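Here the structure is laid out as structure tokens; the discussion comes afterwards.
The numbers here are math on the coordinates, done by the rules we state, and not lab data. Quantities reported herein were computed from a predicted structural model and do not represent experimental measurements. When we count neighbours, we look across all protein chains shown, and the Cβ atoms used for this are built from the backbone with ideal geometry, even at glycine.
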Amino acid sequence: MALDMQESTGAERSGGTRPPQARSRWLGPHAGRALVGAVAGYAFGHWIGNVVASGYTNVQGSGQNDVAIVLALSIGVVGWLAGAGMLDYPLAKIIGREPLPPTPSKSWTRYFGPTLDHKVIGLQYTVVVLLFLFTGGLLAMAIRTELLNPTNHVFGPGTYIAVVSEHGTIMMMMASSIVIGPLGNWLVPLMIGSRRMAFPRVEAFSLWMFAAGYLVILTALPLGGFQTGWTGYAPLQTQASGGMDSYLVGFAVIGIGMICAGFNLAATIINYRAPGMSWGRVPIFVWSILATAALLTLATPTLVAAGLFGTLDRTAQTAFFVNEHGGSSYLWQNLFWFFGHPEVYIMALPGFGIVAEILPVFTRKPLFGYRVAAAGMIGVALLSFFVWQHHLFQSGINPDMRPLFMLTTELISIPTGFIFLVGLGTLWKAKIRYEVPMLFALGMFFNFLIGGISGVFLSDVPVNVTVHGSFFVLAHFHYTIMGGLVFAFFGGLYYWLPKMTGKTMDKRLGKWHFWTMFIFFNLTFFPLFFVGLLGQPRRVFEYAQNLQTLNDLSSVSAFFLGASFLIFVFNFVRSMFIDPKPAPPNPWHSLGLEWQTPMPVPPYNFTRIPVVLADPYHYGTTDGQAVADLGPRTLSLAGVGAPAGSADLGSETVAGEEGSADPRPPIA
Amino acid sequence: MSQGDETHHFRRLIVVWAVLAVVLDVVFYFAVGPHVPPGAMTSTASGQQFDFNVLFMLALPVMLAVWVYMGYALIVWRGSRAGAVEPEGGPKARGHFGIQVGWIITTTVIVLGVFIFGSIKLADAGAGGGEGPDPLWTPTSHDVLPIQVIGQQWQFTYRYPTFGGFETRQLVIPVDTTIAFHVTSLDVIHSFWAYQLGVKADANPSEDNIAYTTTKQLGTFTVRCAELCGLWHGAMYNYGRVLPRAQFFVWAQSTEHQIAANTKNLPPFSYTYVPDANGADGGFYPDTADPYSNVEQYGATTPSK
């Protein structure tokens, strides 16, 4: 388990074939340079595309040319990566030069550039994810504004459908990384007692791809939007305007980032657990991230391939999805949902992990049924690959498979139900503290119950005939993704932000945030179950007169729901920048290994690889068993943060101590 | 904590839950059940309504179990309550074999029951969903009226192959009749959703997607497109009528004769159509060698009254 950081990452390496070169801060890789690279790449790609293809792929009457747009976006992404310094290392290796080490920095500017520190990357991810979330949220409110009235329109049909599609796509991209990115990257190494991720450069790469995906999907709006919704069904996809290229390239870019994030996390969890961190002691959040990472790695390639096919259909005139020329419109639906349904669980599992992690801390009880919880996550992950055709129940494709997909879809509710068994069991005769993270966790259980049960209605083929493609589906997946995942995410954020930033979030504002978000979330989406049952299809701008009251209730609540996020933003800005209050080392008295590290966490987390002695759920026992042996002087007792003094041991002193790591082998 | 204390909590929870579950289920069944969409205009609509009600009456006790328990726990076991005691840790709090196994068995039994129930209902002529070109579950009736639904951006049109293949923009169907909707598209994917009829089938280009239903009541119904098909998807709806049988045949035969001249200009009836790449006016032609093969499937071209 001994790690040689210098050998494997190149970090801290001084010397090499040439002396480290002092580069100006402005010329070095950072977000600004990445933006310049993106713009330059975009312009260059656009020019090339027009030179090679303006003759034959002009989109009628638009002056747009799909080849130019695709090349502009792709080369723009390469320019972005080059500007962010993501290509320095591989290019230097290719030409046989010793790559320059990244300049370690303690200044705030490190948050704007490439880094190998998983904690910096985690915070960078947090900011990008919130950008995604708030952009998508604004678009959602635009949709609800249009739906205030059944026949009077705020937007033209083109703008409306572009807004709907942009909202769906941005939110799906956001939700696929909302926990994996910020919390997964920040917490997993700390939770498993590792000093770093397995592939720090891949981790940074996944972040910059994720951010590039945000920019690419934003370009859809000036390019005229796309008309297909987030599902991008062909052949509508093939005839859609230029924004469709942003969708296809954007999903491919995000997809590659997701694959990288996934296998990096999986490799880290499998290989970098500290001695004693056996599978039976791994925190349940890590189990959920492992299951999610497996899904990311195995499901997302299908999306990238489908995006490539779609791009070729639109630019090189291939016919993957064109029925008349030998392709099949079912092919896109199959490929998309073969990714899309595991994607749904990519968005659910980390939420389960967070709430299962939060509950024991605020009930002062061990997690009930730890094995069941872990097994449930693995079960969900496995089954999620066998349910995708329930999205195609009315499509006319192989009806003989319908009972099978009905069965698998309903079976998946069994392992999903495990999380309720675990949650309810943990509450039994507990001592519940209503802190902000706990409120969000409980809210998640309330919402996800409604979301999950409505999913069983959707899985039943006869009922599906009525509710398929209606607002019922929309309400269902907003209850699972927003009510489940986003609530869990904010719970996790309130829970771990003191650790991540060293500052305390205001508790009263946090409670205001929770209650407004919880009440208005339910008032926004619960009426939509009825709207759907009463016959309103998704993505329409005109609806029956008698549904106006329900739609208006939903719309008005949606504005308040949007406002509830302002409370969070206000709280965040105030607590972090305007009036920061230092957080105590372990404000929730958690036993989690991540809370036992000094605050702020030093660059390589642990001065010595800890030896894990127990799982982090030993609440309610009086013997005060230590969770981990963090070092010769820092035997950490339950609920007590590591003593001060170990904080200053930077990474420089590590190499010498590496050899003296505990000789006990990991218990696997 | 004594064993008696646990039984005490448990008994209270069970009683509250059981009373609520029974009362609410009964109230739902009698007060709400008959009004649940999509109503009872056809066999498939009432089938879906019945399915929904059964699922809801199963789901309600499950949800109540969680809510009652959580509500109880959040009040009784709150840490701020006077006399709140430190919870017990140890192996007892980490799991309970009986409860875990019981939970797994219960959920599995419910899920398998729901699956068997849904499959039986599905086998009843496909429950109104699109079954593709080779339906697996077909109606028992031999008197099936075929109607073609053609989706295109952004409207539905309907062709009546047993009445010379005339085409209308209003869906008119007879009551007490089993109808086979042959749904196809000329461009992108649409979805034919006849809401009150309890029928939904995607309209795919070059695909014949068949859905069955049997009409039971007279009235009007709404047809909406349920699959995003581009700019005017939101405006892609119209209304249809269920007429008495005799009235329907009068309507169909008179319409057939009235618009016979128009029908001649249409492409011959076929289950699917392909855009004519060589036609200057962008027309369509049948996608099959024998466009009138429906005769084999449905017998005489004009059904008896």
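A simple spin-label model places the labels of B:Ile105 and B:Gln253 6.6 nm from each other, with each point 7 Å out along Cα-to-Cβ.
The stretch A:502-543 and the stretch B:220-280 have their alpha-carbon centroids 40 Å apart. The mean sequence distance of close C-alpha pairs (under 8 Å, at least 6 residues apart), as a share of the length of chain B, puts its relative contact order at 16 percent. Rounded to 0.05, the FRET efficiency of the A:Ala544 and A:Leu308 pair, given R0 = 25 Å and the Cβ-Cβ distance, is 0.05. Arranged from fewest to most other beta-carbon atoms within 10 Å of their beta carbon, A:Leu382, A:Leu303, A:Leu116 become A:Leu382, A:Leu116, A:Leu303.
I need the trypsin sites (Lys or Arg not before Pro) found in the stretch B:62-109, filtered to DSSP loop residues with at most 12 other beta carbons within 10 Å of theirs. Passing both the DSSP loop test and the Cβ count: B:Arg81. From the square roots a ≥ b ≥ c of the eigenvalues of the alpha-carbon gyration tensor of the stretch A:348-581, which class results: rounded (a/c under 1.5), prolate (a/b over b/c), or oblate? It is oblate, given that a/c is not under 1.5 and a/b is not larger than b/c.
For the stretch A:92-133, the set of trypsin sites (Lys or Arg not before Pro) satisfying both a DSSP loop assignment and a count of at most 15 other C-beta atoms within 10 Å is given as A:Arg97, A:Lys106.
Entry note, chain A: relative contact order of 14 percent, from Cα contacts under 8 Å with a spacing of 6+ residues. In whole angstrom, the stretch B:109-206 maps to an equivalent ellipsoid with semi-axes of 27, 17, 11, each derived as √(5λ) from the alpha carbon gyration tensor and ordered largest first.
Peptides A:220-228, A:291-299 ranked from most to least packed, by the mean per-residue count of other Cβ atoms within 10 Å: A:291-299, A:220-228. Considered as an equivalent ellipsoid built on the Cα gyration tensor, the stretch A:133-253 has semi-axes of 34, 17, 10 Å, the largest given first.
Checking every one of the trypsin sites (Lys or Arg not before Pro) in the stretch B:120-207 against DSSP loop status and a limit of 14 other Cβ atoms within 10 Å picks out B:Arg169. Kirkwood radius and radius of gyration were both taken over the C-alpha atoms of the stretch B:1-111, and their ratio Rg/Rh is 1.12. For the residues of A:534-545, the average number of beta carbons from a partner chain within 10 Å of their own beta carbon is 6. Pull up the cross-link candidates among the lysines for A:Lys507, meaning alpha carbon to alpha carbon under 30 Å and not fewer than 8 places away within one chain. Here the lysines satisfying the reach criterion relative to A:Lys507 are A:Lys106, A:Lys119, A:Lys365, A:Lys429, A:Lys431, A:Lys499, A:Lys581.
Taking the helices alone, chain B has a mean residue ellipticity at 222 nm of -12500 deg cm²/dmol, built from -39,500 (n - 2.57) per DSSP H run of at least 4 residues and averaged over all its residues. Measuring spread by the Cα atoms of chain B yields a radius of gyration and Dmax of 27.2, 89 Å. Sequence gap at least 6, Cα distance under 8 Å: using those rules, report the relative contact order of the stretch A:348-581 to the nearest whole percent. It comes to 23 percent, rounded to a whole number.
Sorting the Cα pairs of the stretch B:144-298 by distance into bins of 5 Å, from 0 upward, gives 2, 10, 18, 23, 22, 16, 7, 2, 0, 0 percent per bin. Take the Cα of B:Ala123, step 7 Å toward its Cβ, do the same at A:Arg574, and the gap between the two points is 6.4 nm. For the stretch B:174-219, the square roots of the Cα gyration tensor eigenvalues, ordered a ≥ b ≥ c, give a/c of at least 1.5 with a/b greater than b/c, which places it in the prolate category.
The label-point distance for A:Thr621 and B:Ala31, in a model that sets each label 7 Å from Cα toward Cβ, rounds to 5.1 nm. Rounded, prolate or oblate: which fits chain A when a ≥ b ≥ c are the square roots of the eigenvalues of the alpha-carbon gyration tensor, with rounded for a/c under 1.5 and prolate only if a/b beats b/c? Judged from the Cα gyration tensor, chain A comes out oblate (a/c at least 1.5, b/c at or above a/b). Helical runs (DSSP H, four residues minimum) scored at -39500 (n - 2.57) apiece and divided by the length of chain A put the mean residue ellipticity at 222 nm at -19000 deg cm²/dmol.
Dividing the alpha-carbon radius of gyration of the stretch A:480-583 by the rule-of-thumb value 2.2 N^0.38 Å gives 1.34. A cut-off under 15 angstrom between Cβ atoms defines the neighbours of B:Val172, and their net charge, with Lys, Arg +1 and Asp, Glu -1, is +1.
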